[in-house]
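One structure is given here, and the rest of the page talks about it.
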Amino acid sequence: MTRLEPGDVAPDFTLTDDTGAAVHLSDFRGRQVILYAYPKAMTPGCTTQACDFTESLERLQSQGYDVVGVSPDRPEALARFRERDHLGITLLSDPDKGMLTAYGAYGEKKSYGRVVQGVIRSTFVIDESGKIAHAWYNVKATGHVAKLRRDLGLD
């Protein structure tokens, strides 16, 4: 499995958001994007992380960052997730896991001591020109947004 490094060109994608609209990575050109991969909508860790990003969204946007969450969930499940938890971030669906795989955020991981195939909780910062500025793999859901803000010098 290939992992992205700072300086790599971010793999392009076209995915469907929770409203059914197509979203392209190129839609964000000229802004910085925090793109995070999470395993499943409406699970405890993923809910914590999505709510943390939503709570920090205004501050992140004021610093020039858009926030996008990607999971294998279907758009309908993402819409329920947004509504249930009042999420303000963009949620994208990657049911075939092509984008997640291209970013190194899908593959072998350990889960309760077993090796399984799944989404590797990861976060990427993509700069205005479409290059990877930061890539973190195997992040923890709780406290990740606060750490990310510190790492980006936003606190």
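Worth a mention:
Here's the yes/no breakdown for (1) surrounded by 13 or more Cβ atoms within 10 Å (Cβ to Cβ); (2) closer than 17 Å to Gln61 by Cβ; (3) at pLDDT 95 or above:
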site: Tyr106; (1), (2), (3): yes, no, yes
site: Lys110; (1), (2), (3): no, no, no
site: Gln117; (1), (2), (3): no, no, no
site: Ile120; (1), (2), (3): yes, no, yes
site: Ile126; (1), (2), (3): yes, yes, yes
site: Ala135; (1), (2), (3): yes, no, yes
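- Long-range neighbours under 6 Å by Cβ, at least six apart or interchain, first residue closer than 13 Å to Gln63 by Cβ within the range 141-152, second surrounded by fewer than 18 Cβ atoms within 10 Å (Cβ to Cβ): Arg149/Asp155
- Residue list for the range 53-78, restricted to those being in a helix (DSSP H, G or I), under 16 Å from the mean Cα position of the chain (by Cα) and exposed (fewer than 15 other Cβ atoms within 10 Å of the Cβ): Glu55, Gln61
- Among the conditions (1) touching a residue at least 60 places away in the same chain (Cβ under 8 Å); (2) in contact with a Gly (Cβ under 6 Å, 6 or more places away or on another chain), the only one that Thr54 does not satisfy is (1).
- Residues that are closer than 22 Å to Gly7 by Cα and small (Gly, Ala, Ser), drawn from the range 131-147: Ala133, Ala135
- If you go through the range 1-39 and keep only what is of a type in the set (Val, Ile, Thr) and without any contact (Cβ under 8 Å) to a residue 40 or more places away in the chain, you end up with just Thr14.
- If you go through the range 44-83 and keep only what is more than 14 Å from Ser122 (Cα to Cα) and aromatic (Phe, Trp, Tyr), you end up with Tyr65, Phe81.
- Scanning the range 17-40 for residues that are more than 14 Å from the chain's Cα centre (by Cα) and of a type in the set (Ser, Thr, Tyr) yields Thr19, Ser26.
- Scanning the range 1-52 for residues that are of a type outside the set (A, V, I, L, M), assigned to a helix (DSSP H, G or I) and under 19 Å from Ile132 (Cβ atoms) yields Ser26, Asp27, Phe28.
The values are calculated or read from the model by the stated rules, or taken from the named source; none is laboratory data. All of these numbers come straight from a predicted model, not from anything done at the bench. Because the Cβ atoms are built from the backbone with ideal geometry, glycine has one as well, and the counts that use them run over all protein chains shown.
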